[in-house]
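Structure first, commentary second.
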2 protein chains.
Amino acid sequence: MELDEFSLENAKRLLDEKKYADLRKMLMDVPAADIAEMFEEIPKNQFAILYRILPKELAADVFVELDPDFQKVLIEAFSDKELREVLDELYMDDTVDLVEEMPANVVKRILANSSAEDRKTVNELLKYPEDSAGSIMTTEFVRLKEDMTVREAFALIRKVAIDKETIYTCYVTDNRSHLIGMVTVKYLLLSDYEAKIKDIMQDNVISVKTLDDKEDVAATISKYDVLALPVVDEENRLVGIVTVDDAIDVMQDEAEEDFAKMNAMAPVETPYLRTPVFSLWRSRIIWLLLLMVSATFTGMIISSFEDALRAQVVLTAFIPMLMDTGGNSGSQASVTIIRAISLGEVEFADIVKIIWKEIRVAFLCGISLGVVTFGKIFLVDKLLMHREITVPVALVVCLTLCITVLCAKLLGCTLPMIVAKLGFDPAVMASPFITTIVDAVSLLVYFAFATMFLRL
Amino acid sequence: MELDEFSLENAKRLLDEKKYADLRKMLMDVPAADIAEMFEEIPKNQFAILYRILPKELAADVFVELDPDFQKVLIEAFSDKELREVLDELYMDDTVDLVEEMPANVVKRILANSSAEDRKTVNELLKYPEDSAGSIMTTEFVRLKEDMTVREAFALIRKVAIDKETIYTCYVTDNRSHLIGMVTVKYLLLSDYEAKIKDIMQDNVISVKTLDDKEDVAATISKYDVLALPVVDEENRLVGIVTVDDAIDVMQDEAEEDFAKMNAMAPVETPYLRTPVFSLWRSRIIWLLLLMVSATFTGMIISSFEDALRAQVVLTAFIPMLMDTGGNSGSQASVTIIRAISLGEVEFADIVKIIWKEIRVAFLCGISLGVVTFGKIFLVDKLLMHREITVPVALVVCLTLCITVLCAKLLGCTLPMIVAKLGFDPAVMASPFITTIVDAVSLLVYFAFATMFLRL
């Protein structure tokens with residue numbers, strides 16, 4: 001049963017009225033993710049009470065879904081025994097996430113309450129670089145041997161299933177842990193009980209390396225529609241697996257990061273309503289400052305053409321339109337290319353094809369916009385604003401528009417490719433940055449044409 | 001074995017040299033998604049040859065991964081017998097996708113070569129509105145009865161597994177097809193063979209309705225970390241399931257659409273390099289035109305302050321900086337809110353909280369930017385450009401900047417909320433649109449302050 005608005009209010013009332021038995025009964029069948037959301041709506045001093053009402057296994061599932069801040073509050077309220085019980089229920093990747101998020105004193109308590117073996121695994125997993133496959137993998141998977149029968153495999157799966165994050169894909173290793181094959185439970189079910197694993201296993205297994213980028217791992221899971229991918233070390237020894245639910249999280253985080261970067265923000269990990277004002281300010285101000293300061297160039301360009309502007313003030317009226325259209329044209333190209341890069345649709349070798357395509361698109365866009373602007377200038381602008389607009393002025397505006405669109409599209413497609421080729425994140429090359437450059441280019445073109453054709 | 005650059009070249013060579021036996025042997029173990037990519041690199045007249053080289057089951061898997069354009073080429077080359085073989089291997093949701101993408105004459109052939117039962121199912125699935133859960137679900141899932149034993153359930157699963165998209169989550173229905181429970185294969189494996197399904201099944205099943213938005217379905221799958229979700233009709237009868245791989249596709253498409261809309265483009269479904277120039281132009285020109293025409297307002301504002309500008313041309317130099325900073329500030333807020341809406345983090349009831357938060361962020365950003373600008377004007381601009389910049393001019397610029405940032409953040413957070421409340425897609429309210437409005441606002445504020453403080 002999902003926890004809707006109504007039952008959430010009910011649950012909070014039961015908690016306030018200390019009707020714990022009723023609350024426990026009510027929450028028994030509620031999914032952990034919904035109970036975790038309930039923590040966002042109750043005061044911190046009720047956290048431990050709500051947590052202790054839950055059956056042990058559900059409580060651990062809820063714990064995993066909680067925000068690190070909330071986990072910290074709970075751990076501080078836990079006895080050592082309770083902490084050990086939670087840690088027992090957690091999968092290794094969740095324990096590692098926890099250790100990474102907690103302050104030093106909490107980490108110390110977590111490690112002190114883990115078994116020696118778990119401590120060793122956690123320490124090993126912590127060594128993988130952030131954003132690597134190793135940092136998101138879990139070490140709990142089903143490992144089969146090639147001379148087992150299907151019957152023996154099922155016996156093993158039955159025995160270990162409760163502790164494994166996924167049992168549906170089983171991996172076959174040799175005596176030195178090398179990954180030599182893979183078999184799904186579906187295939188096991190379709191096979192004869194006496195068949196040998198080595199005869200039914202798929203021996204060309206798609207795997208990733210511990211140091212591979214986690215985004216590539218997620219993309220691989222999505223491309224091949226698999227429920228899990230094995231992670232191997234440099235010697236092809238199987239060290240862990242990444243499951244599809246973790247891949248989904250990686251993809252979502254990645255999209256959010258790109259949205260933020262493409263709009264001149266540093267990514268923020270917490271949900272909007274819970275992000276402090278100061279953190280939002282910090283994530284936004286750096287880029288705003290940088291882009292504002294770089295607008296000094298556009299100011300300088302305008303200043304150096306002050307005389308032209310004084311002679312033909314009407315030219316000023318078209319500056320915002322030229323800048324905005326240039327900015328929009330550029331960001332259309334840059335966003336398209338940045339996403340194509342991050343989805344692996346294009347690579348640096350395609351740059352000539354891309355430039356040629358964008359030139360043609362820019363040509364079509366520039367012509368359409370130029371023609372419409374020319375008409376608009378005489379049908380709207382001349383009547384509404386400037387009786388003195390002449391054909392040469394209109395031509396200068398339209399020509400500038402065409403050239404600006406062309407430059408914007410070219411910059412928008414090439415800069416992200418070059419930045420990516422240099423090993424940086426192309427997302428920072430998105431609209432705001434392109435806009436700043438295109439602004440300068442469009443003003444330079446504008447004043448160049450104006451001086452040329454209007455004899456200023 | 002994945003198909004890397006090298007083996008891809010090898011495969012193309014074998015195909016060209018008509019060494020079909022070698023090619024077949026080479027491709028036997030290659031994942032379908034990789035072979036599908038090979039089709040992008042070979043001429044259309046080799047499509048049918050490459051397809052026929054593949055073992056039947058692999059061929060069908062490859063077919064599903066292909067672009068609709070390529071599927072059409074293949075179907076036109078197929079004999080009726082070949083078409084029937086492919087259709088036999090396809091899951092229902094893939095068949096429906098195919099029927100939706102193909103032209104009428106191909107659809108006719110597909111339906112003529114389907115069994116009466118399949119034709120009926122396809123016709124029913126086609127009735128669900130685009131973007132609904134019904135439109136992406138499949139009808140092939142494992143259906144158990146509550147009085148079965150675990151042993152009987154396994155016997156059933158073994159019998160039907162080969163035809164089902166996923167067997168790992170089995171659904172329990174009563175005699176009238178109502179969804180009454182759910183059990184995973186993992187749980188079946190952990191249970192006693194003689195246990196009754198009704199005693200081990202989970203009876204509070206999270207389900208979605210046929211008409212639910214497919215993005216909500218994907219979000220639910222992600223939230224609860226499940227491999228599949230049951231889809232029920234208005235009477236709670238189980239009619240299909242949505243699997244996690246389809247949910248991933250929905251999430252990716254959704255993110256791409258948002259990227260496009262937020263950057264003033266109509267979404268394009270084909271990969272960039274295969275999208276014709278004309279389609280790219282069409283997806284971009286409408287918004288460019290709309291935004292360009294709406295920039296008429298900024299032009300009008302500047303025109304009506306022509307005299308002020310003629311008197312103080314230095315004011316023109318700061319227009320680009322004010323507009324860009326306003327635009328960036330606004331899109332920071334709008335993108336943050338639009339994503340928070342689409343991730344379900346905020347709803348309309350939160351609007352006061354959001355406005356209050358953005359006011360504080362805007363205050364911090366405005367002050368920081370204002371102070372830096374004031375310094376920059378005297379340390380950089382005055383020395384580089386305008387010896388005549390006075391303290392009042394600098395104050396007008398800095399004050400305008402603060403007010404612009406405030407207006408931009410307020411518009412950026414409220415407009416998407418209002419648009420979403422009205423039932424439209426908030427993504428179209430993103431940066432370009434906000435920018436156009438903020439441009440006008442910042443110019444009005446600028447000239448108002450200028451007239452007030454500089455006595456123009």
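The values are calculated or read from the model by the stated rules, or taken from the named source; none is laboratory data. Keep in mind the model is a prediction, meaning the values are calculated, not measured. No Cβ is skipped: glycine too gets one built from the backbone with ideal geometry, and neighbour counts run over all protein chains shown.
Values as computed for the structure displayed
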| quantity | calculated |
| --- | --- |
| Residue list for segment A:421-431, filter: away from chain B (no Cβ under 14 Å) and in a helix (DSSP H, G or I) | A:421 |
| Looking only at segment A:226-248, and only at residues there that are without any contact (Cβ under 8 Å) to a residue 40 or more places away in the chain and part of a helix (DSSP H, G or I), the one that is nearest to residue A:169 (Cα to Cα) | A:244 |
| Odd one out for residue B:34, checked against (1) in contact (Cβ under 8 Å) with a residue 24 or more places away in the chain; (2) in a loop (DSSP other than H, G, I, E, B) | (2) |
| Given (1) within 27 Å of residue A:300 (Cβ to Cβ); (2) of a type in the set (D, E, K, R); (3) crowded, with 18+ Cβ neighbours inside 10 Å, index of the condition residue A:455 fails | (3) |
| Whichever residue in segment A:305-320 is touching a residue at least 60 places away in the same chain (Cβ under 8 Å) and part of a helix (DSSP H, G or I) and, among such residues, is nearest to the other protein chains (Cβ to nearest Cβ) | A:317 |
| From the options B:41, B:57, B:76, B:85, residue that is assigned to a helix (DSSP H, G or I), within 14 Å of another protein chain (Cβ to nearest Cβ) and either charged (D, E, K, R) or surrounded by fewer than 16 Cβ atoms within 10 Å (Cβ to Cβ) (or both) | B:57 |
| Residues within segment A:95-111 that are among the polar types (S, T, N, Q) and surrounded by 17 or more Cβ atoms within 10 Å (Cβ to Cβ), tallied | 1 |
| Close pairs from segment A:374-387: first closer than 15 Å to residue B:295 by Cα, partner in a loop (DSSP other than H, G, I, E, B) and at pLDDT 85 or above, Cβ under 9 Å, at least 6 apart | A:377/A:318; A:381/A:318 |
| Which listed residue is part of a helix (DSSP H, G or I), crowded, with 23+ Cβ neighbours inside 10 Å and among the β-branched types (Val, Ile, Thr), from A:403, A:434 | A:434 |
| Qualifying residues in segment A:340-377 (those that are more than 19 Å from residue B:277 (Cα to Cα) and of a type in the set (Val, Ile, Thr)) - the one surrounded by the most Cβ atoms within 10 Å (Cβ to Cβ) | A:373 |
| Yes/no for residue A:25 being exposed (fewer than 14 other Cβ atoms within 10 Å of the Cβ), part of a loop (DSSP other than H, G, I, E, B) and either in contact (Cβ under 8 Å) with a residue 60 or more places away in the chain or in the same structural domain as residue A:82 (by TED's automatic domain parsing) (or both) | no |
| Criterion violated by residue B:92 - all others in (1) within 30 Å of residue B:219 (Cβ to Cβ); (2) surrounded by 20 or more Cβ atoms within 10 Å (Cβ to Cβ); (3) not acidic (Asp, Glu) satisfied | (2) |
| Total residues in segment A:122-153, condition part of a helix (DSSP H, G or I) and surrounded by 18 or more Cβ atoms within 10 Å (Cβ to Cβ) | 8 |
| Residues being outside any loop (DSSP other than H, G, I, E, B), of a type in the set (Val, Ile, Thr) and surrounded by 15 or more Cβ atoms within 10 Å (Cβ to Cβ) - total across segment A:154-167 | 1 |
| From the options B:304, B:222, residue that is under 25 Å from residue A:246 (Cα atoms), among the polar types (S, T, N, Q) and not assigned by TED's automatic domain parsing to the domain that holds residue B:65 | B:222 |
| Residue, farthest from residue A:322 (Cα to Cα), within segment A:351-372, restricted to residues that are touching a Phe, Trp or Tyr at 6+ places or on another chain (Cβ under 9 Å) and at the interface with chain B (Cβ under 7 Å from one of its Cβ atoms) | A:357 |
| Hits in segment A:186-231 (condition: among the acidic types (Asp, Glu) and within 9 Å of chain B (Cβ to nearest Cβ)) | A:203, A:225 |
| Condition broken by residue B:203, with the remaining ones in (1) without any contact (Cβ under 8 Å) to a residue 60 or more places away in the chain; (2) within 30 Å of residue A:325 (Cβ to Cβ); (3) of a type outside the set (Phe, Trp, Tyr) satisfied | (2) |
| Residues satisfying the stated conditions in segment A:250-291, i.e. touching a residue at least 24 places away in the same chain (Cβ under 8 Å) and not β-branched (Val, Ile, Thr) | A:251, A:254, A:257, A:258, A:261, A:262, A:263, A:264, A:274, A:287, A:288, A:291 |
| Criterion (facing chain B (nearest Cβ under 7 Å), over 16 Å from residue B:329 (Cα atoms) and surrounded by 18 or more Cβ atoms within 10 Å (Cβ to Cβ)) met by exactly one of A:264, A:295, A:255 | A:255 |
| Number of positions in segment A:267-286 that are of a type outside the set (S, T, N, Q) and more than 7 Å from chain B (Cβ to nearest Cβ) | 8 |
